[in-house]
1. Specify which of the listed residues (Thr191, Thr235) is more than 30 Å from Arg102 (Cβ to Cβ) and in contact with a Lys or Arg (Cβ under 9 Å, 6 or more places away or on another chain).
2. Give region 164-174 a look and list any residue that's part of a helix (DSSP H, G or I) and more than 22 Å from Ile247 (Cα to Cα), or say none.
3. Taking Val229, is it in a helix (DSSP H, G or I) and surrounded by 22 or more Cβ atoms within 10 Å (Cβ to Cβ)?
4. Please go through (1) surrounded by fewer than 20 Cβ atoms within 10 Å (Cβ to Cβ); (2) more than 21 Å from Gly88 (Cα to Cα); (3) of a type in the set (Phe, Trp, Tyr) for Trp184 and return the number of the only condition it doesn't satisfy.
5. Which residue, of Asp163, Asp108, is surrounded by fewer than 16 Cβ atoms within 10 Å (Cβ to Cβ) and acidic (Asp, Glu)?
6. For the condition in a helix (DSSP H, G or I), surrounded by 11 or more Cβ atoms within 10 Å (Cβ to Cβ), touching a helix residue (DSSP H, G or I) at 6+ places or on another chain (Cβ under 8 Å) and modelled with pLDDT of 95 or more, what is the one hit in Ile218, Ile223, Ile262?
7. Quickly run through region 236-251 and pick out the residues that are exposed (fewer than 15 other Cβ atoms within 10 Å of the Cβ), part of a loop (DSSP other than H, G, I, E, B) and either in contact (Cβ under 8 Å) with a residue 12 or more places away in the chain or among the hydrophobic types (A, V, I, L, M, F, W, C) (or both).
8. Six or more apart or on different chains, Cβ atoms under 9 Å: show the pairs whose first residue is in region 97-109 and assigned to a helix (DSSP H, G or I) and whose second is surrounded by fewer than 19 Cβ atoms within 10 Å (Cβ to Cβ) and of a type in the set (Ser, Thr, Tyr).
Amino acid sequence: MTTGGWFNHYDDPDEFWDDEPLEVNRRNPNHSPPSPRIISEPPQNVGPYPKSVGQHSRTVDSNLRPFDTGQSQSWNGSKFATLQVDSGLLPTRIQLSPQWHRYVDGNDAGRELMRAYQQAIGIYLGGTIKSGRFFGGEFRHECAVPDQRTILALLLETASWADYRETQMRIFGRKGFEVHGRVWIQNEPVTSINANRFKMNSIRIWPEWARQVDPAQIVDEIIFCADRVRELRPTFKIRGDYSSYSIEDLEYQHIRHRENLIEELGV
């Protein structure tokens with residue numbers, strides 16, 4: 001059954017504030033940190049590493065600083081990164097400037113990528129608005145809340161009250177979740193992304209790792225995390241055929257079904 005509906009985007013993706021200058025931390029060119037230890041079997045099942053991972057000769061200091069939280073940042077776009085997003089508002093392509101390591105310190109890597117990401121959302125949605133697709137109903141987020149007919153059908157196919165409540169949460173929930181990249185150091189992922197069903201909320205990158213790796217590896221980690229977000233987002237599949245029922249019929253059946261599920265609890 002084809003589902004419709006509008007993308008219920010509750011954050012303004014096109015809200016850019018005043019430019020905030022990047023702080024460049026100059027490193028001692030003679031400093032050479034110890035090599036990152038790649039955990040071959042991290043706590044989560046993330047699959048095999050790409051060939052480029054773990055091939056660096058430079059090292060990382062054992063006293064690593066905390067992650068960049070990705071918070072308290074101004075959405076003024078990035079001068080050193082560009083992104084493209086799909087209709088699920090997730091990155092499909094990332095390009096870093098050849099000057100990335102010169103001007104973007106490891107502590108700023110997550111913030112800089114989030115600036116580029118927020119800018120990419122604004123460009124994408126701005127294009128749909130300018131073309132008339134947004135207000136014409138042609139634009140739909142890949143993980144939008146389903147239309148009313150689909151919602152009623154999904155709830156009618158639940159087998160218990162617990163199943164009913166879980167389905168409700170998948171349909172309407174906005175709870176965030178966190179995904180990690182494939183490179184781990186000292187049992188910690190070097191890249192993490194916090195996201196929800198609509199967009200990414202923050203990017204965290206281990207500063208010392210970000211300072212020394214090839215920028216292509218940073219791109220690989222972010223794209224990998226974006227794919228993990230796609231996998232974790234809820235999907236909505238209806239088993240039965242409800243095309244012969246009106247919305248009123250489905251609403252009536254839904255009320256009776258819900259009452260029956262509650263009665264089965266014996267409350």
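The values are calculated or read from the model by the stated rules, or taken from the named source; none is laboratory data. Since the structure is predicted, the reported quantities are computational estimates derived from the model, not experimental observations. For neighbour counting, all protein chains shown are included, and Cβ atoms are generated from backbone atoms with ideal geometry for every residue, glycine included.
1. Working: Thr191 fails: more than 30 Å from Arg102 (Cβ to Cβ).
One residue alone meets the criteria, Thr235.
2. Answer for region 164-174, where residues must be part of a helix (DSSP H, G or I) and more than 22 Å from Ile247 (Cα to Cα): just Glu166.
3. Answer is yes for this residue.
4. (1)
5. Values: Asp108 fails: surrounded by fewer than 16 Cβ atoms within 10 Å (Cβ to Cβ).
None of the others qualify; the one that does is Asp163.
6. After applying the criteria, what remains is Ile218.
7. If the condition is that a residue be exposed (fewer than 15 other Cβ atoms within 10 Å of the Cβ), part of a loop (DSSP other than H, G, I, E, B) and either in contact (Cβ under 8 Å) with a residue 12 or more places away in the chain or among the hydrophobic types (A, V, I, L, M, F, W, C) (or both), then Arg239, Gly240, Asp241, Ser243 are the ones that fit.
8. Matching pairs, first to second residue: Tyr103/Ser97.
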